[in-house]
Amino acid sequence: MSARRLSVVLLAVVAMAIPAMAAERQVVADFDMPPPSNLGGGYGAFSPNPEEMTYVTVETMDDTVRNGTNGASMKLEYNVDQAGSYNGFWMKLGPQEAGNNFDASAFTKLSFWVKGDSSVGIPSKVKIELKGDPGTRIGRSYVSGITDNWTRMEVPLSSVSAQRVDLTKLNEFVIVFENNVVAPGKKGVIWIDDIAFEP
């Protein structure tokens, strides 16, 4: 085999290997350990007026309710019963010393598992945000279909990049409960688990 032909073959092998390397699933958070997340980022609940202490989200790691047989999940108890209220849960996508950034350009979707409790209240929809660096654009989408059973949700990253968010510098994952979209579950609880970027 000539040197030129050998080099072409090697380039073809490398080209085939690159997608294979990029296709590995990246866990963001499985909540099997206390913070930080699997990517090294912090997380917690947020409310626009936390001192008010009623229309807020409260987060708790729960090792009695989980997706799978081991570990724990994140329990989010929320109250957006007041008109115009909202609150939720945030998670940085990398350690602070790395700017909290994660390069998701090799992935096609963000997935996570979620369940609710109909005896307490389940939101009809929740907003998912993927944020870039502070001051840049935010990718927003809504997920619905939360039930008493664990359900896998997906957010296509193409819909995020279509909102002109830079996938190479994702900074934060956010779940938002909004008064005007969660009805009839304006008070309730969900559990989330196994957040991941998928090929």
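The numbers here are math on the coordinates, done by the rules we state, and not lab data. Keep in mind the model is a prediction, meaning the values are calculated, not measured. Methodologically, a virtual Cβ is constructed for each residue, glycine included, from the backbone with ideal geometry; neighbour enumeration extends over all protein chains shown.
The phi torsions of segment 140-155, fed into the Karplus equation with coefficients 6.51, -1.76 and 1.60 and a -60° offset, translate into couplings of 10, 8, 10, 10, 9, x, 6, 10, 6, 9, 4, 10, 8, 10, 9, 10 Hz, rounded to whole numbers, with Gly and Pro shown as x. The 3J(HN,Hα) values that the Karplus relation (6.51, -1.76, 1.60; θ = phi - 60°) gives for segment 178-187 are, in residue order, 10, 3, 7, 10, 7, 3, x, x, 6, 10 Hz. Gly and Pro appear as x.
Rounded to the nearest 500, what is the 222 nm mean residue ellipticity of the chain from helices alone, with -39500 (n - 2.57) per DSSP H run of 4+ residues and division by all residues?
Calculated from helices alone, the mean residue ellipticity at 222 nm is -4000 deg cm²/dmol.
Test of understanding: ordering Glu198, Glu77, Glu24, Glu97 by Cβ neighbours within 10 Å, fewest first, what list do you get? Walk me through the intermediate numbers first.
On the way: Glu198 14, Glu77 17, Glu24 11, Glu97 7.
Arranged by neighbour count, lowest to highest, Glu198, Glu77, Glu24, Glu97 become Glu97, Glu24, Glu198, Glu77.
In this simple spin-label model, placing a label point 7 Å from the Cα along the Cα-to-Cβ direction at both Ala83 and Ser144 gives a separation of 2.3 nm. For segment 110-116, putting each phi into the Karplus relation 6.51 cos²θ - 1.76 cosθ + 1.60 with θ = phi - 60° gives couplings of 9, 10, 7, 9, 8, 9, x Hz, in residue order, rounded to whole numbers and with x for Gly and Pro. Treating r as the C-beta distance of Thr64 and Arg164 and R0 as 41 Å, the FRET efficiency rounds to 0.50. Residues whose amide H lies under 5 Å from that of Ser85, counting only those 5 or more places away or on a different chain, are Asn179; hydrogens are built 1.01 Å from N in the peptide plane.
Compared with the direct C-alpha span, the chain from Glu52 to Ser111 gains 18.0 nm at full extension, assuming 0.36 nm per residue.
What FRET efficiency do you get for Val27 and Ser118 if R0 is 22 Å and r is their Cβ-Cβ distance, rounded to the nearest 0.05?
On the way: r = 29 Å, r/R0 = 1.30.
The value I calculate is 0.15.
Highest-first packing order for the peptide set 84-96, 35-47, 57-69 is 84-96, 35-47, 57-69, based on the mean count of other beta carbon atoms within 10 Å. Report the Cα centroid-to-centroid distance between segment 149-169 and segment 30-64 in angstrom, as an integer. A separation of 21 Å, based on Cα centres.
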